Amino acid sequence: MTKKEEVRRRESPARRRVLDTATTLFYAEGVHAVGIDRIIAEAGVAKATFYHHFPAKDVLVHAYLDEQYRAQRDAVAAVREASGGENPRELLLAVFDRMGEIAREPGFRGCPFINAAAEFPDAGHPVRQAVLDHRVWFRTVMTELLAAAGDPRAAETADILMLLRDGLAVGCYLDDAAAVRAVIRPALDRVLGDA
């Protein structure tokens, strides 16, 4: 049993319904556009049950982002496992290819972390800290892969890849996703060169 499956097994069904409902609504409509009463109604839980699991909306938003963070870490791990993890450059390419595939899925609305950050302007807010934690993790993964591929300026290149990742997430939502996906590999080739 995976760690994620174990957590879900121990988790109460009511908490899971609230988090699943919030995840769907927050991603589709935005955090501030969705009220607690709507989440409670759509999850089919009592108000007391909701507040037992999530004492405040910010706690629910943080749980939503934590779950998205875990899902993205799991996705990178799955890409690493599928690729054999032997060639760091190929793994980098595969991670970006996977992002392009996700952008094709129905209901794609960009990056949940970028979306949440846009709604929480205070950099000291716990939601923004969750966004920062995710970004630090992703940049670290990129830096480690670039260093393993022999890039002498791995941290700088990782910063460029972070910008490319952000542009991919936003561009696939706002522009023609197929056109944006078509430039992923050429953009990576320009950034990575022969690394």
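The values are calculated or read from the model by the stated rules, or taken from the named source; none is laboratory data. This one's a predicted model, so the numbers in the text were calculated from it and none came from an experiment. A quick note on method: Cβ atoms are made from the backbone with ideal geometry, for glycine too, and the neighbour counts reach across all protein chains shown. SASA here: full protein model, heavy atoms, side chains in, ligands and nucleic acids out. Shrake-Rupley method; radii C 1.70, N 1.55, O 1.52, S 1.80 Å.
Quick look at the numbers
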quantity	calculated
For Leu168: the one exception among (1) over 21 Å from the mean Cα position of the chain (by Cα); (2) within 20 Å of Glu105 (Cβ to Cβ); (3) open to solvent by less than 30 Å² (accessible area, probe 1.4 Å)	(1)
Identity of the residue in region 102-113, free of Cβ contacts under 8 Å to residues at least 60 places away in the same chain and assigned to a helix (DSSP H, G or I), that ends up most open to solvent (accessible area, probe 1.4 Å)	Ile102
Subset of region 24-81 [in contact (Cβ under 8 Å) with a residue 60 or more places away in the chain, small (Gly, Ala, Ser) and open to solvent by 50 Å² or more (accessible area, probe 1.4 Å)]	Ala28
Residues located in region 82-101, provided they are more than 22 Å from Gly193 (Cα to Cα) and in contact (Cβ under 8 Å) with a residue 12 or more places away in the chain	Ala82
Subset of region 136-160 [closer than 22 Å to Tyr69 by Cβ and surrounded by 17 or more Cβ atoms within 10 Å (Cβ to Cβ)]	Phe138, Val141, Met142, Thr143, Leu145, Leu146, Ala158
Residue check for Ala169: in contact with a Cys (Cβ under 8 Å, 6 or more places away or on another chain), within 30 Å of Leu60 (Cβ to Cβ), outside any loop (DSSP other than H, G, I, E, B) and aliphatic (A, V, I, L, M)	yes
Whichever residue in region 50-108 is among the basic types (Lys, Arg) and touching a Leu at 6+ places or on another chain (Cβ under 9 Å) and, among such residues, is nearest to Val191 (Cα to Cα)	Arg89
Residue satisfying condition, being out of contact with any Cys (no Cβ under 6 Å at 6 or more places or on another chain), under 21 Å from Asn87 (Cβ atoms) and at pLDDT 95 or above, within set Arg135, Arg185, Arg153	Arg153
Only one of Leu146, Leu163 that is modelled with pLDDT of 95 or more, aliphatic (A, V, I, L, M) and in contact with a Pro (Cβ under 8 Å, 6 or more places away or on another chain)	Leu146
Region 116-135, residues that are open to solvent by 40 Å² or more (accessible area, probe 1.4 Å) and assigned to a helix (DSSP H, G or I)	Ala118, Glu119, Pro126, Arg128, Gln129, Leu132, Asp133, Arg135
